[in-house]
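Student: Would you mind keeping the following structure in view while I ask a few things?
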Amino acid sequence: MEPEKPDPSDCCGSGCSPCVFDIYEQQLKSWRENLLWENANCRRDLLSETRFKSFQLIHKERLTEDVYLYKFRPEDDSGSIRETCGFLPYGIGQHLITRINFKQESQEINPMWDTEFNSSETSSISDKKIITRAYTPVSLTNEEPNCCFKIFVKICNNGLGSEYFRNLQVGDISLWRGPYGNFNYKSNFFKYILMVCIGTGLAPMIPIAKCILNDEKDETILHLMYGVKSEDHIIMRDSLRKMSQFWNFSHEYFFSQCNDRKFHMKFGESFKSKRIDGSSVSDFFQGKNLTHLQVLICGSEGFTSYMLDQISKLGIDSENIFTF
Ligand SMILES: Cc1cc2nc3c(=O)[nH]c(=O)nc-3n(C[C@H](O)[C@H](O)[C@H](O)COP(=O)(O)OP(=O)(O)OC[C@H]3O[C@@H](n4cnc5c(N)ncnc54)[C@H](O)[C@@H]3O)c2cc1C
């Protein structure tokens, strides 16, 4: 964000050191330097909103019973790895779209694919065998060298995209375009951020939390409410536990199927044997000024509309709620 210029009346004229105008000049200088650096290193040639670009799967890992982590790096159409310094142009909370062609028998790239393509639903381009699906990078764009990005995918039974990802192997080529989504983060704008999500709805919350926790000057207090079936379905449990070592991050797990099993709770974790509901959220709201609080929601349509309803009833302004 461009720094805000002080009003002349913000300077008392008594020779303070530093003066608000000195601070402003310093902020402006580093903002301009950052902008130059970002423009020089941002690889819009590797990821575009209007054209699919090819990426190679370089890592696949099972995280839970039905969720896998995938890591991609850019590859060009001739099959050689591109020069990949810099970072991909996506922001926290944004998503990418992949295009899947079920007519394809091998993983060879058809050059026709790298063209503009607008539909986000099943396509009518040929015989309805091309689909697109959205996935959210869980890695910060500057975190992975060589312009790689990571996503996690829930493999649903009978899902077309799920079937594709189930069969995708390291070395295979995949097509991606983006980024999309209008989540904008302004450091220290809210005092509290409550993140409410279920399943792979955790995806946008991870980079948002990392971005805030990586910034020493950001004092936003984060709380994550994460709903899954049971303890075995928690994604990125160790990463979340590491985050809870920061003074401004805490998290609670909500289990919808607890089966009377004993939990294996670790230091910094909190478990609840119920679904996330209005009362869970209202407990968190207790004693807080709701105008200083933002709520982020990510999950299935049903979950999102239920949480929106519950949270709105608690008197929070709709401008302070963001759904992914
Ligand atoms: C902006 C955005 C970001 C997304 N980010 C991610 C992400 O990071 N990771 C991820 O895994 N998904 C993500 N999704 C969902 C993803 O795009 C697909 O919808 C999902 O993978 C299912 O696609 P499919 O083709 O396998 O299933 P479909 O063929 O579309 O559906 C098949 C069946 O599975 C059911 N189904 C679909 N999704 C789910 C689900 N999540 N849980 C239970 N049943 C389901 C459907 O109701 C249907 O009966 C995101 C969606 C959006 C809109």
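Here, each number is a calculation from the coordinates, and none is a lab measurement. Remember, it's a predicted structure, so these values are computed and weren't measured experimentally. Note that each Cβ is placed from the backbone with ideal geometry, even for glycine, and that neighbours are counted across all protein chains shown.
Student: What is the sum of charges, Lys and Arg at +1 and Asp and Glu at -1, for the other residues whose Cβ falls under 11 Å from the Cβ of Phe149?
Tutor: It works out to a net charge of +1.
Student: Can you give the % of DSSP beta bridges in the chain that are antiparallel, to the nearest 5?
Tutor: Of those bridges, close to 55 percent are antiparallel.
Student: Now for a separate question. What ranking, highest mean first, results for peptides 193-204, 2-13, 281-292 when packing means the other Cβ atoms within 10 Å averaged over each residue?
Tutor: Taking the mean over residues of other Cβ atoms within 10 Å, the ranking is 193-204, 281-292, 2-13.
Student: Turning to a different aspect of this structure: Translational D (Stokes-Einstein, µm²/s) of the chain at 25 °C and 0.890 mPa s when Rh comes from the Kirkwood sum over C-alpha pairs?
Tutor: The diffusion coefficient I find is 112 µm²/s.
Student: Based on Cα coordinates alone, diagonalise the gyration tensor for the stretch 244-318, multiply each eigenvalue by 5, take square roots, and list the semi-axes in whole Å, largest first.
Tutor: 24, 18, 11
Student: On to the next question. Let's test the formula: R0 of 22 Å, r as the Cβ-Cβ distance of Cys11 and Glu33. What FRET efficiency results, to the nearest 0.05?
Tutor: Here the calculated transfer efficiency is 0.35.
Student: Something else about it: Just checking the chain: which Cys have no other cysteine's beta-carbon under 4.7 Å?
Tutor: Cys11, Cys12, Cys16, Cys19, Cys42, Cys85, Cys147, Cys148, Cys156, Cys211, Cys258
Student: Once each part is reduced to its C-alpha centroid, what is the distance from the stretch 228-307 to the stretch 2-53 in angstrom?
Tutor: Taking the Cα centre of each part, the stretch 228-307 and the stretch 2-53 sit 36 Å apart.
Student: Just flag the trypsin sites (Lys or Arg not before Pro) in the stretch 124-205 sitting in loop per DSSP whose Cβ has no more than 13 other Cβ atoms within 10 Å.
Tutor: Loop-located and lightly packed - Lys128, Lys186.
Student: Rounding to the nearest 20 debye, state how big the charge dipole of the chain is about its Cα centre with +1 on each Lys and Arg Cβ and -1 on each Asp and Glu Cβ.
Tutor: 880
Student: Quick one: grab Rg to one decimal and Dmax as a whole number for the stretch 1-80, Cα atoms only, in Å.
Tutor: Here Rg and the maximum Cα pair distance are 23.0, 66 Å.
Student: Same structure, new question: How would you classify the stretch 279-324 from its alpha-carbon gyration tensor, with a ≥ b ≥ c the square roots of the eigenvalues: rounded for a/c under 1.5, else prolate if a/b is greater than b/c, otherwise oblate?
Tutor: prolate
Student: Per-residue ellipticity at 222 nm for the chain, helices alone: DSSP H runs ≥ 4 residues times -39500 (n - 2.57), over residue total, nearest 500 deg cm²/dmol?
Tutor: The helix contribution divided over the chain gives -6500 deg cm²/dmol.
Student: OK, next. Find the relative contact order for the chain and round it to a whole percent, using C-alpha pairs within less than 8 Å whose residues are 6+ positions apart.
Tutor: About 16 percent, as a whole number.
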